[in-house]
Structure formats: structure tokens, C-alpha cells
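The block underneath contains the structure these notes are about, expressed in C-alpha cells.
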Amino acid sequence: MAKGLGKKLITAPYTVWMMIFVIVPIALVIYYAFTDSGGAFTFSNLSYIRDYSRTFLISIELAVISTVICLLLAYPLAYSMSKMSAFKQQTMIMLVMLPMWMNFLIRTYAWMTILEGNGLINRAVRAIGFEGFHMINTNGAVTLGMVYNFLPYMILPIYTVLTKIDKSTVEAAQDLGANRFNVFKRVLLPMSIPGVISGITMVFVPAVSTFVISKLLGGGKTFLIGDVIENYFLGNTGTINYNVGAALSLVLMILILVSMTVMNKFDNGETAGGVI
């Protein structure tokens with residue numbers, strides 16, 4: 001009895017934390033999503049989903065593109081890091097995490113100065129004799145901002161999984177006649193799937209719900225669902241409607257949960273590789 005009571009006392013602070021900062025906010029979102037300004041129950045807030053269906057699709061599209069680019073960039077880098085010496089690995093991890101030490105807004109504002117018409121990239125292009133091109137306030141700029149800000153969240157999980165793979169497994173595959181491609185395809189890739197799934201989730205979730213990047217690098221031309229929700233809660237366009245904002249937030253949460261559930265189907269929780 002005393003042992004069970006001790007466990008409850010130890011977990012009590014975490015339970016209270018979850019209640020206050022997770023359960024209660026979600027309950028409030030659900031409440032506002034299904035009530036009107038007077039507190040009466042209604043489904044009318046959900047009808048706004050049709051008005052912003054295209055915005056949802058654009059948000060998902062850019063989030064998927066950003067996630068795929070992050071994966072293509074992160075996997076080779078994470079693999080290279082896992083093969084380095086301990087000192088070099090620590091140095092590379094520090095370099096990967098270094099941008100995250102700066103404020104998110106400052107990092108995004110920096111890209112505004114880089115991508116603008118008179119920015120560093122266009123100046124360099126003109127310096128070598130070519131005509132500058134328009135980059136800021138485009139979907140490409142928003143995607144670039146997402147990739148830059150969320151790339152570390154893809155690198156670190158994949159790197160962590162790759163470093164835990166026993167070298168003897170790779171050596172055994174090579175002894176059995178597997179070339180480098182087959183070692184990657186049948187050993188490294190299957191065993192690194194948990195890290196890949198974690199990275200995809202950690203990139204896709206903030207990418208699909210972002211609003212700062214689209215506002216600064218999109219210049220209002222790329223309007224994502226995060227921008228719509230922000231406007232309804234903060235009234236940046238002159239309209240404050242917590243109920244509609246909560247309804248759209250609820251739909252976005254469901255979308256994210258469905259995406260995470262689908263991704264977790266590909267992760268069986270095992271670290272065993274494929275068969276040579």
C-alpha cells in the first residue's frame with residue numbers, strides 16, 4: 001500500500017502538469033468549437049471548414065514538401081555524422097543546434113534580408129553578371145523558411161538511431177557479400193525507420209501549423225491555416241471569433257493526430273534490420 005501511495009505522490013506533479021497544460025486547453029478548444037458567442041451548443045462553426053478548404057490543402061502541401069526536403073537533406077548528413085569520431089560528432093551536433101539558440105523570429109527575419117530584392121543572394125547573383133530574381137513573398141520562400149527552421153528536428157532523431165546501430169550488424173552483412181547499396185537498403189534503412197518516423201512527425205507538425213514563417217517570408221501572399229487561426233484569435237484583420245478559431249484549431253489537431261497515427265503504422269517499434 002505504501003509503495004503504491006509513493007508512486008502516486010511521485011507522479012502527482014506530472015499528472016497536474018498534464019491536466020493544466022494539456023487536458024484543460026484541449027477541453028477549452030472543444031468547448032469553444034461547439035458553442036456560439038452566447039455559449040449555446042452549435043455545429044455552425046465547423047461550416048467554415050469549407051471556406052478554408054483550399055487553405056488547408058496549401059498548408060498540407062507546403063508542409064509535405066518541406067518535410068520531404070528535410071528528410072532528403074537530413075539523412076545523408078545524419079549518416080555522415082554517425083560515422084565520425086566522437087569529437088567530430090559533438091562538434092557537428094553543436095553546429096546543427098547552434099541556429100536553435102537564436103530566437104525563431106530573428107532567424108526568420110534574417111532570411112527576409114537574404115531573400116529580398118536587394119538581399120545577399122541577389123547581390124551575389126548580380127555581382128557575377130546575372131540578373132537578380134524574385135524570391136521573397138513566394139511559396140518557395142515559405143518552404144525554404146520551414147526547411148531551415150525545422151531541419152534540426154529531422155537530423156537529430158535519425159542521427160540518434162543511426163549511432164545506436166551495432167557496427168557488427170553492418171560487418172556481418174558485408175561478410176555475407178552485401179555491397180554498400182544492399183547494406184543501406186536491407187540493414188541501415190530498416191533499422192533507422194524509427195528515427196525517420198520521429199523526424200517526419202517533428203517536422204510536419206510545426207510546418208503544417210506555422211504562421212510566423214508564412215507571414216514574414218510569404219508577405220501575406222501565402223496564407224496558411226495557422227494564419228487564419230491567428231487572425232480569428234487575435235483579430236489582426238479586424239475580426240475576433242474564438243469559436244470559429246477553435247473549430248479550425250480542432251480540425252487541425254485531428255489532421256495532425258491522423259497523420260501521426262498513419263506514420264506510426266510504419267514504425268513497429270523494432271530496431272531489427274532486414275534480411276540480407
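Of the residues in the range 63-75, at least one is among the polar types (S, T, N, Q), part of a helix (DSSP H, G or I), surrounded by 12 or more Cβ atoms within 10 Å (Cβ to Cβ) and modelled with pLDDT of 95 or more. Filtered by the rule that a residue be of a type in the set (A, V, I, L, M, F, W, C) and part of a helix (DSSP H, G or I), the range 42-62 gives 46, 49, 56, 57, 58, 60, 62.
In a helix (DSSP H, G or I) and either at pLDDT below 95 or within 30 Å of residue 138 (Cβ to Cβ) (or both), is that true of residue 32? Give the derivation first.
Numbers: in a helix (DSSP H, G or I): yes; either at pLDDT below 95 or within 30 Å of residue 138 (Cβ to Cβ) (or both): no.
So residue 32 fails the test.
Scanning the range 14-30 for residues that are under 23 Å from residue 247 (Cβ atoms) and aromatic (Phe, Trp, Tyr) turns up just one, 21.
To keep it simple, each residue is scored yes or no on (1) part of a helix (DSSP H, G or I); (2) at pLDDT 85 or above; (3) surrounded by 16 or more Cβ atoms within 10 Å (Cβ to Cβ); (4) among the aromatic types (Phe, Trp, Tyr).
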site: 80; (1), (2), (3), (4): yes, yes, no, no
site: 95; (1), (2), (3), (4): yes, yes, no, no
site: 113; (1), (2), (3), (4): yes, yes, no, no
site: 130; (1), (2), (3), (4): no, no, no, yes
site: 153; (1), (2), (3), (4): yes, yes, yes, yes
site: 156; (1), (2), (3), (4): yes, yes, yes, no
site: 162; (1), (2), (3), (4): yes, yes, yes, no
site: 181; (1), (2), (3), (4): yes, yes, no, yes
site: 187; (1), (2), (3), (4): yes, yes, yes, no
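Evaluate the range 227-250: report whether one residue or more is within 21 Å of the chain's Cα centre (by Cα), without any contact (Cβ under 8 Å) to a residue 12 or more places away in the chain, in a loop (DSSP other than H, G, I, E, B) and surrounded by fewer than 15 Cβ atoms within 10 Å (Cβ to Cβ). No; the residues of the range 227-250 include none that is within 21 Å of the chain's Cα centre (by Cα), without any contact (Cβ under 8 Å) to a residue 12 or more places away in the chain, in a loop (DSSP other than H, G, I, E, B) and surrounded by fewer than 15 Cβ atoms within 10 Å (Cβ to Cβ).
Would you say residue 254 is exposed (fewer than 15 other Cβ atoms within 10 Å of the Cβ), at pLDDT 90 or above, among the β-branched types (Val, Ile, Thr) and closer than 20 Å to residue 44 by Cβ? Considered against the rule, which asks whether it is exposed (fewer than 15 other Cβ atoms within 10 Å of the Cβ), at pLDDT 90 or above, among the β-branched types (Val, Ile, Thr) and closer than 20 Å to residue 44 by Cβ, residue 254 comes out as yes. Taking residue 139 as the residue in question, decide whether it is in contact with a Gly (Cβ under 8 Å, 6 or more places away or on another chain) and either surrounded by 14 or more Cβ atoms within 10 Å (Cβ to Cβ) or touching a residue at least 24 places away in the same chain (Cβ under 8 Å) (or both). Yes; evaluated as a whole, the condition is true for this residue.
The values are calculated or read from the model by the stated rules, or taken from the named source; none is laboratory data. Everything quoted here is computed from the prediction, not taken from an experiment. Using ideal geometry, Cβ is built from the backbone for each residue, glycine included, and neighbour counts are taken over all protein chains shown.
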